[in-house]
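This report concerns only the one structure given below.
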Amino acid sequence: MIGNLELVSLEEAAAVVGKTPHNIRDYIQRGRIAKYNTHGERIVRARNGELRVSLSEIRVFLSLIEQGNEKHHHAGLNSELGFHNVPEYQRTKHVHRLHPYLGKFIPQLVEWFLSRYFKAGDVILDPFMGSGTTLVQSNEQDMHSIGIDISPFNCLIARVKTEKYDVGKARSEILEVEKRVTNFSRHLTEPQNAPLPLFPEDKMEELKAGLLAECDSDYLKTWFAPRTLLEMLYYRRLIPHYSYQDLLRVVLSRAVRSSRLVPHYDLATPKSPLPVGERYWCRKHNRDCVPIDNCLVKIHAYSGDTARRIAEFDRLRSDRLAIVLQGDSRTMGLNAALSTSSIAGRSIDGIFTSPPYVGQIDYHDQHIYAYELFGFLRKDELEIGPKKRGKSKQAQQEYVEGIAAAFRHILPLVKPDGKIFVVANDRFQLYPDIARRSGMMIVEEFHRAVTKRTEQGDDPYQETIFFMMKEI
Ligand SMILES: C[S@@+](CC[C@H](N)C(=O)[O-])C[C@H]1O[C@@H](n2cnc3c(N)ncnc32)[C@H](O)[C@@H]1O
């Protein structure tokens, strides 16, 4: 076996996978699998007796056919980087599923590159950090990490994922808030048979009025049922009484996201709220459904789950730093921001990042419910390549300038031989230009099929991981 290729002859491959040698030859001719020689080198023409094929490539290809994704595979794709056999629970392992986030990459992709190109103790930067996947994986792989993101809520998610907790205390805080909101909700829905000392009947109306007075968001009043709104406002009011406030915000935000008046199949990009109690045909459940009218069910679902996930990460994590910086990567004063940390003055060993792509996602808007609930300051105007600016030639031009400006700003802090990995679905072929404008050269390109996303509902597509280095 050479590397992970498992090279065999055509006949051996056919016998192992239960096909005929003719089938295997057909896959080669259609460019679905590659030809190798006996040394494991890719070849165009085979000399007598030297033709080998890769069993692992064939297995990936056949599993894609089984899933109906054949068209997303060709011999130029790196078969390992498809991670086709990684089950859902591993793609969303521990803290990676603390909060949904459209556009995150799978942890196995980060792991693959970090373990091959970096070593323990290195400093890894992600200038477009998103929900912090690079930081979590760097920490798990014993490396320091720094993440920058323009969106305050993304920074909150990343901080919550990477924070070192007193796990027992975090668990008891989450469960205590869950219990208090459950009691409140019981009194809200069945006041006659739940005499609770915290909520005497005569005070309940006052409490509800007080909670509603704390809400000045038309969005919240429109996108949530009356009971849902009261439960989430009550939860929000409890948060300042606890130590792990951001962790509680993430539990609440995740519950709130799933409690909007939207169809169950449309949580990622809902267009408008449904009327309370309105029946609709649900594509997800294949039956009539009504939008959820409370937040409690989701608070129950996510409270224990969050406590379990941070405990799981706590068993794997290292003591390396994970520094989250909120701001614009084109202007962030990194030296000053790191000056009091134990990695002050150190050069950056490498970058692993997936920048926003032109006209794909509005990164603030995808979490509008959290901005409305917690009042974080939005910085939409500084997002590079947002969906609302489209994909026109001009939008592409602005995007190229924006991403190149961020790299130019950061590169002086990267070691001369630092390794820079940029994950992009570069369908407009903008990255060669971005590399040139930033003073980087593209060393290698890895192509991967993205057939399973961390988030559900995305179409399969291909993406490239550009391995770049600074021009000397
Ligand atoms: C594709 S996402 C990164 C996802 C990340 N890899 C993950 O796994 O969660 C790109 C991120 O770039 C951020 N961003 C956009 N413009 C930015 C800017 N000017 N400075 C810093 N971050 C920016 C967006 O807020 C978004 O979170």
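Seen from every direction in turn and averaged, the convex hull around the alpha carbons of the chain projects onto 26.5 nm². Ordered by 1.4 Å accessible area with all protein chains kept, ARG437, ARG47, ARG257, ARG227 run largest first as ARG47, ARG437, ARG227, ARG257. Accessible area per residue for the chain, computed on protein heavy atoms with a 1.4 Å probe, is 45 Å².
Looking at the chain, the DSSP beta bridges with both ends there are about 60 percent antiparallel. Largest first, the residues HIS99, HIS39 sort by 1.4 Å accessible area into HIS39, HIS99. For ILE148, the residues whose amide H sits under 5 Å from its own are ASP126, PHE128, MET129, LEU325, ignoring neighbours fewer than 5 places away on the same chain, with H placed 1.01 Å from N. With the simple spin-label model, which puts each label point 7 Å out from Cα in the Cβ direction, the SER342 to ARG308 separation comes to 3.3 nm. Against the main long axis of the alpha-carbon atoms of the chain, helix 55-66 sits at an angle near 50°. Computing Rg and the Kirkwood Rh from the Cα coordinates of segment 108-198 gives a ratio, Rg/Rh, of 1.25. Shown for the chain: cysteine residues without a partner Cβ closer than 4.7 Å, namely CYS155, CYS215, CYS295. Seen from a random direction on average, the alpha-carbon convex hull of segment 1-153 projects onto 11.2 square nanometres. When only the Cβ of Lys, Arg, Asp and Glu is charged (+1, +1, -1, -1), the dipole of the chain relative to its Cα centre reaches about 640 debye. In summary, the aspartates and glutamates within cross-link reach of LYS388, defined as a Cα separation below 17 angstrom excluding same-chain residues under 8 places away, comprise ASP362, ASP365, ASP380, GLU398. The lysines within cross-link reach of LYS164, meaning a Cα-to-Cα straight distance under 21 Å and a gap of 8 or more places when in the same chain, are LYS93. Compared with the alpha-carbon gap, the fully stretched path from LEU413 to VAL276 is longer by 44.0 nm at 0.36 nm per residue. Per-atom-type breakdown for segment 294-364 gives carbon and sulfur 46% of the accessible area (1.4 Å probe, protein chains only). So how tilted is helix 226-238 from the main axis of the chain? Cα-based, degrees 0 to 90, rounded to 10. That helix lies at roughly 90 degrees to the long axis. Which lysines, on any chain, are close to LYS393 with Cα under 26 Å apart, when same-chain ones fewer than 8 places away are left out? Those lysines meeting the cut-off are LYS104, LYS379. By accessible area, using a 1.4 Å probe on protein heavy atoms only, segment 7-75 has 47% of its surface on carbon and sulfur.
Between helix 393-410 and the chain, what is the angle of the helix's C-alpha long axis to the longest principal axis, kept within 0 to 90° and rounded to the nearest 10? That works out to roughly 90 degrees.
The values are calculated or read from the model by the stated rules, or taken from the named source; none is laboratory data. Keep in mind the model is a prediction, meaning the values are calculated, not measured. We place every Cβ from the backbone using ideal geometry, glycine too, and count neighbours over all the protein chains shown. With ligands, DNA and RNA removed, areas are computed over all heavy atoms of the protein, side chains included. Shrake-Rupley method; radii C 1.70, N 1.55, O 1.52, S 1.80 Å.
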